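Engineer: Attaching a single structure in structure tokens format; questions to follow.
Taken together, the values in this text are just the output of simple stated rules run on the coordinates, not laboratory data. Note that the structure is predicted; figures quoted are calculated from it, not measured. Cβ atoms come from the backbone with ideal geometry, glycine included; neighbour counts cover every protein chain shown.
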Amino acid sequence: MTETDKAKRTRTNVKQSKFGCFTCKARRVKCDEAKPSCRRCLTAQRHCQGYPRGAPTESSSPLTITTTSSTFTSPTSRLSSTSSSPPILLTPDLLSLSSPLAKLACNVLVQSPRRAKNKLELEFWSRIVPQLTHSVPSVQAAVEAFGACYKEYVLRSDSTTTGLETTKRYIKALKLAQLDLSTMQHGPLPCMIACLLLASTEAIQQRLYSGHVHLNGALALMASHSSEEATQEAAPMIDKEYVSLFRKLDLHIATYAIGVAPHLPPQPPITAEDLLSGPPDQSLSRVLHSGYHFISAAYVYKYTSRRIIPPELLIEQGRQLSNMRQWLEYNQVPSPDTCGQDESLLVLRTQCLAALVYASCVLEPRETAYDSFGPEFEEIVTLVESLPPNTQPDHNLQHGDLSTLLSYTPEMGIIHPLYFVARKYRHRRWRRRALSLLIKSGREGPWCGEIEGAAASSLIWAEEGLAYKTSLDLVGPEDADMDDPINIPERNRVHVSGPVAVNDQENEVGTVESNQMSHKRLTMVHTFRCCDIEAMLRDDGHQPRHHPWKGSIHWEEWMDPLEPVT
């Protein structure tokens, strides 16, 4: 063969795609065009910079998700205009996982109620997590650990060996997650997902302290890879949309434990333009994140004299309330007829209303201050009542008896607003309506509707002077005079209460804050009530305190068993 023949090269004509991602084009490698981020970039630990205009919205890879809608809307589009789309379902390709536990876990995470999820968050659970389950061992192990936990603690499939399979899978997932964290072989996002799934596994078992540690780990990892200082060379970046998703999860910390600030630092103040131009869920996330940072700072002044409250704290309270009211004004439910089509917007409004009332009363020591927020409390209940049922015939979980079970979703939803209404709105009928919805609302992160419902029932029995475990059903027609919150005097009202775990060996009674984050499972309701608010403010209200009942003669506390509501 001559040198000329060797120089000749032939090329096989193949169809060339014009819609590969920008990162793969710059690297001059073939893109697999998976959405929203290509797997080649994920494997190479690079930030996928997205696709050119005109690129198909659906991936042509075997891991495609099918929906009844032909296209996905942009994550930056207005949430209320897209919330009527049907749930995204897993295709057989994504369900062909080698582990039945992984298949069970993916089904549970995908087909739980939508609540406040936006399009990208639906896609995250239906596409990204199953894809990474196929390709990243630490994610697969964490998914299997969650599936085993759900099977043993929710399905209760084998009561004689409850916890053994979960423990085995959990230990394996923890080791693989630690290995991934040390090498960052697959980038930060798989590590964050593994941490989140481990946190969910702990939450289902009511080991909330360990779940809190895992969630904080995911948030710390996200913060280190999403800051402006992070570069692709030093620290692979995380897509802005996923940063928003995990930032929302940070609100669990502030809403579940009393007076605790979100883990992530506050963002710059939100402007009216941000409220109008951004998607409702992302703008509300910023509003609530800032609001709960304020609530944490203000809570220590709740039971102090008005004279020692810093003036700047009162100014900040006004700013936070203004932001929340603006968000509510800009994000109205279009009409009662569209309530079933705007599930996400309805849930977001309940979260904003609960934060608005909480921030309004955080510096008010008297529980009667909540009585003036009847319209807000009642709107929360009405909005939840208008949501679609948790399960529908066409969307039931397709895994044995799963279609009859309560759901689990890692994100915030309706449990905290309903629990807040049942505890703080002393209207007899409205709080019972909230309680009825609460016990049927499933699980959301650290929240469990049945547990929070039992804790709220204990509070109602105490405030209304009812015997423990008395039926809370009301008979007869409505009576405005009997139902009025004014019938419960301040001295009868519970100030702080919540489900706690008690050390059976030492029988120690700690504070609600510490016990809510205990390694033990929740078995009791810890209740604190101020017997004389005026005397307490006179004698003890001279300095800010995290635990105003400690060392005070004006408080009473007790513990009741956590009994399920019938």
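Engineer: I'd like the Karplus ³J(HN,Hα) series for the range 532-540: coefficients 6.51, -1.76, 1.60, θ = phi - 60°, whole numbers in Hz, and an x wherever there's a Gly or Pro.
Structural biologist: Along the range 532-540, the couplings run 9, 5, 5, 5, 5, 5, 5, 8, 10 Hz.
Engineer: To the nearest 0.05, how large is the calculated FRET efficiency for Ser135 and Leu164 if R₀ is 35 Å and r is the Cβ-Cβ distance?
Structural biologist: 0.80
Engineer: Looking at this model, which pairs from Lys240/Lys302; Lys103/Lys440; Lys35/Lys440 are more than 27 angstrom apart at the alpha-carbon?
Structural biologist: From the list (Lys240/Lys302; Lys103/Lys440; Lys35/Lys440), the Cα-Cα distance tops 27 Å for Lys240/Lys302; Lys35/Lys440.
Engineer: Short version: ³J(HN,Hα) in whole Hz for each residue of the range 275-292, in order, from phi by Karplus 6.51 cos²θ - 1.76 cosθ + 1.60 (θ = phi - 60°), x for Gly and Pro, what are they?
Structural biologist: Values per residue, Gly and Pro as x: 5, 7, 8, x, x, x, 5, 6, 5, 5, 4, 5, 4, 5, 4, 5, x, 6 Hz.
Engineer: Here is a follow-up. Using per-residue counts of other Cβ atoms within 10 Å, averaged over each peptide, order 323-331, 308-316, 422-430 from highest down.
Structural biologist: Per-residue Cβ counts within 10 Å, averaged per peptide and sorted highest first, yield 422-430, 323-331, 308-316.
Engineer: I would also like to ask the following. What whole number of Å gives the distance from the Cα centroid of the range 174-193 to the Cα centroid of the range 414-443?
Structural biologist: 39 Å
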